[in-house]
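Let me begin by presenting the structure, written as structure tokens, before commenting on it.
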Amino acid sequence: MEPRAFRFAPEDEVHVPSESVAARLQRDFVIGAFNEEDSQLIGVGGLAWSDGVKTRHKALLYGMYVKAAERGSGVADAIMKRLIDEARGSVEIVTLTVVSTNFRALRFYERWGFRAYGVEERSAKNDDGDYLDETLMALRFVDENRRQDESR
Ligand SMILES: CC(C)(COP(=O)(O)OP(=O)(O)OC[C@H]1O[C@@H](n2cnc3c(N)ncnc32)[C@H](O)[C@@H]1OP(=O)(O)O)[C@@H](O)C(=O)NCCC(=O)NCCS
């Protein structure tokens with residue numbers, strides 16, 4: 001895995017009981033991409049719905065990961081397309097956070113229309129005492145539709 005690509009450490013997840021993981025999979029929209037030949041999981045991504053009365057127009061995109069050998073192949077695009085199709089019918093805004101030095105992921109999200117709206121400095125701290133900043137990004141379907149209307 002890429003320890004510097006995520007704010008969460010493997011130690012945060014390793015003790016999570018399987019029932020909690022199952023509940024998360026029921027609650028969220030999580031998808032996997034599988035290799036056609038050997039059915040191995042090669043990529044994942046998920047959406048967590050915000051269920052507060054005033055925040056349910058938003059979803060959080062999380063856990064985007066594609067195996068190194070499959071990067072640049074379109075697998076990440078296929079996952080993102082499926083997530084965005086799902087979100088577009090349900091919410092107005094999709095947010096995400098990405099480690100600010102993860103330039104590949106930043107570029108990938110920008111290509112899908114996400115825009116940076118801030119940076120959380122020192123969002124995470126590694127074992128070696130190094131801090132990670134995180135860029136906050138959002139994709140706004142409503143603005144996107146409005147822009148399309150205005151250009152007609
Ligand atoms: C993030 C991730 C899912 C994207 O999938 P991918 O298959 O690598 O993405 P793509 O190759 O389709 O797109 C990457 C883009 O970054 C560009 N890129 C590659 N290396 C780059 C770099 N060092 N700096 C800037 N841009 C870079 C590519 O050219 C491409 O842009 P383009 O489509 O305009 O040419 C994948 O890289 C991954 O799993 N990374 C490790 C885990 C991770 O960082 N997850 C995100 C956590 S928020």
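The values are calculated or read from the model by the stated rules, or taken from the named source; none is laboratory data. Remember, predicted model here, so these are calculated numbers, not experimental data. Every residue, glycine among them, receives a Cβ derived from its backbone with ideal geometry; neighbour counts consider all protein chains shown. SASA here: full protein model, heavy atoms, side chains in, ligands and nucleic acids out. Shrake-Rupley method; radii C 1.70, N 1.55, O 1.52, S 1.80 Å.
Checked across region 88-101, the condition of being open to solvent by 40 Å² or more (accessible area, probe 1.4 Å) and either touching a Ser or Thr at 6+ places or on another chain (Cβ under 6 Å) or within 13 Å of the ligand (Cβ to nearest atom) (or both) holds for at least one residue.
Taking ARG107 as meeting all but one of (1) surrounded by 11 or more Cβ atoms within 10 Å (Cβ to Cβ); (2) at pLDDT 95 or above; (3) of a type outside the set (Asp, Glu), write down the number of the exception. If we test ARG107 against (1) surrounded by 11 or more Cβ atoms within 10 Å (Cβ to Cβ); (2) at pLDDT 95 or above; (3) of a type outside the set (Asp, Glu), just (1) comes out false. Considered as a group, the residues in region 39-54 that are more than 8 Å from the ligand (Cβ to nearest atom) and within 21 Å of GLY113 (Cα to Cα) include one that is most open to solvent (accessible area, probe 1.4 Å), and that residue is TRP49.
Yes or no: ALA68 within 11 Å of the ligand (Cβ to nearest atom) and either closer than 20 Å to ARG7 by Cα or open to solvent by 70 Å² or more (accessible area, probe 1.4 Å) (or both)? Yes; evaluated as a whole, the condition is true for this residue.
If you go through region 19-38 and keep only what is polar (S, T, N, Q), open to solvent by less than 100 Å² (accessible area, probe 1.4 Å) and closer than 27 Å to ARG56 by Cα, you end up with just SER20.
With a requirement of 3 or more residues that are touching a residue at least 24 places away in the same chain (Cβ under 8 Å), the helices (runs of 4 or more DSSP H) lying completely within region 1-96 that satisfy it span 75-88. Restricting attention to region 39-66, the residues being over 16 Å from ARG88 (Cβ atoms) and either more than 15 Å from the chain's Cα centre (by Cα) or of a type in the set (Val, Ile, Thr) (or both) number 11.
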